[in-house]
Every structure is written in C-alpha cells, then in structure tokens.
Amino acid sequence: MGPAGIKVVSDLLPRIKTENKVDVVIAQAENVSDGKGITQEDFKELRRIGVDFCTGGNWSLFKDEIVPIMVDKNQPIIRPANYPEGTPGLGYKYLETDMGKILVISLLGQIVGRDSEKPTDNPLKVADKILKEEESTKKLTTIVNFHGDFSSEKKVIGYYLDGRVGAVIGDHWHIPTADAMVLPKGTGHITDVGMCGSLDSSLGVRLDVVIGRWLDNKPSRNVLEADGRMQLNAVLIDINETTGLAKSVKQVQVIK
Ligand SMILES: [Fe+2]
C-alpha cells in the first residue's frame, strides 16, 4: 500500500527470504502507487527489492502507463483474469524459475466494494477455463490470487480449486485473517493475507483524514500514512515439487 508498503517490503523482505529459504516472491500490487494502480517505476522498484511477480485487483488498471507491461507475456505482472473480453492486459502468466514454470492466476471476486457494479465473468468458470487451456503445459505449480470482499466467496473458491492448484490466496481487505491452512486435497489457502504498509492507519490511509470524513460526512481525498509503525503481512507456502500441492502454509506478520 503506497510508498510505505514499498519501504517496509524493501526493509524486511531480504531477511525473510534468507531465514525461510524463499525461492519465489509474489505480491499483489494494485495499491502500490498512491494507493491506486501501479506506475512503471514502482513496478520496477518492486522487482528490484525482491518481488518476482505481481498479481492484481480492482485498481490494477487505474494508471494507464502499466498497460504495455501488462500485455507483455514476459513481464511478470497480471490483472484479474475474469474481466470481460477486450480488457487490456493478461490475467495469467507463467513465471520461469530454476525449479520449473509457475502458473500465476489473478481473479476478482464478484462483489468488490464500489466496483461491484462493473461486469466480471464468473471466477470459478474462468479458473476452470484457464486450468483446462494450460493443462498440457508442464509446470511446477499454480498459484491463484483471489481478490474479493466476501469471506464466503474466498473460502468457496479455495475449496473449489482444492487439489487442482498449489494455493488460493485471498486478499483485498488489507487485514489478515487467522485461517492459513492446507485444504483437504492439498491446496494452500488463506481468506485474506493482509497488507504491507502503515500499521497505525485505516488500511494505509491517514486516520485523521478518515475520521474527519466520517464525522463530517463529506467526501475527501485519501491521504496515505507515511510515518509511524509499519506492517508486513504474507504467507510462506511450501510446495511439494512432485505434486505441485502445498505441504504447508504459514502466516508471516511483522511489525516494525
Ligand atoms: Fe482492492
């Protein structure tokens, strides 16, 4: 979430990677530039500080400048796959690693805040379609990022894809849920992984701004919190290289 998110990831990620022998880092990046969208510069910065692949959400396409990168198969960034036909960018791509290809898919829940009016295709059917199309490609595993509001939706898609993908990781709330687990057929899951950025804020936005708006009932611009305590939320997924399924999913929550 904004510059605070980049800063906390850049400060903490190297140690987390070393301590846990992390091979690949995937981040949901839709809020990285001023809280809405992704600039080319911030995408490059995330790559520089150790993020291998960026998934998406309802703000992924807010800044037009990212589109040429989104449409390039070789650039590790995607937007939700269940946007209607003709939406710029790609909703899934492969990440090449030393251990093999990882298929990464981004999906949007059908009820996401103000964007719930915008048309999206059924995420379950879109996931089926992608998995069928990519069935014959040899891959290490498949990671799905499901960006949605409803915990029920996020649970259901986890169980729907259980045993077919390595992990289904929910997000969008910015608040982590305490339910990281391996589902019965071997898919790693969490309802919401949480955010990286300011801790003492309203989801990354300055509290005085949000409280003032709430008291006055007048619309105002979001101002991101840049100071104070920071948080990094993530999950560590251990993938079985033979089956492509999850051996474990462990939450990481660091306050700095
Ligand atoms: Fe979002």
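Taken together, the values in this text are just the output of simple stated rules run on the coordinates, not laboratory data. Every value quoted in this text rests on a predicted model; they were computed, and no experiment measured them. FYI the Cβ positions are ideal-geometry reconstructions off the backbone, even for glycines, and counts take in every protein chain you see.
The charge dipole of the chain, taken about the Cα centre with unit charges on the Cβ atoms of Lys, Arg (+1) and Asp, Glu (-1), comes to about 260 debye, rounded to the nearest 20.
For the stretch 110-145 versus the stretch 176-229, the spacing of their alpha-carbon centroids is 24 Å.
Across the cross-link table entries 17/125; 7/125; 7/93; 21/132, which are compared at the Cα atoms, the separations over 30 Å belong to 17/125; 7/125; 21/132. Cross-link partners for residue 63 among the lysines, with Cα-Cα distance under 16 Å and sequence neighbours closer than 8 places in the same chain left out: 36, 44. When the Cα atoms of the stretch 2-255 are aligned to their principal axes, the ranges along those axes come out at 55, 42, 35 Å in descending order.
Here the ratio of the Cα radius of gyration of the stretch 107-155 to 2.2 N^0.38 Å is 1.32. Quick one: helix 207-216 against the long Cα principal axis of the chain, what's the angle to the nearest 10°, folded into 0 to 90? Roughly 70 degrees between the two axes.
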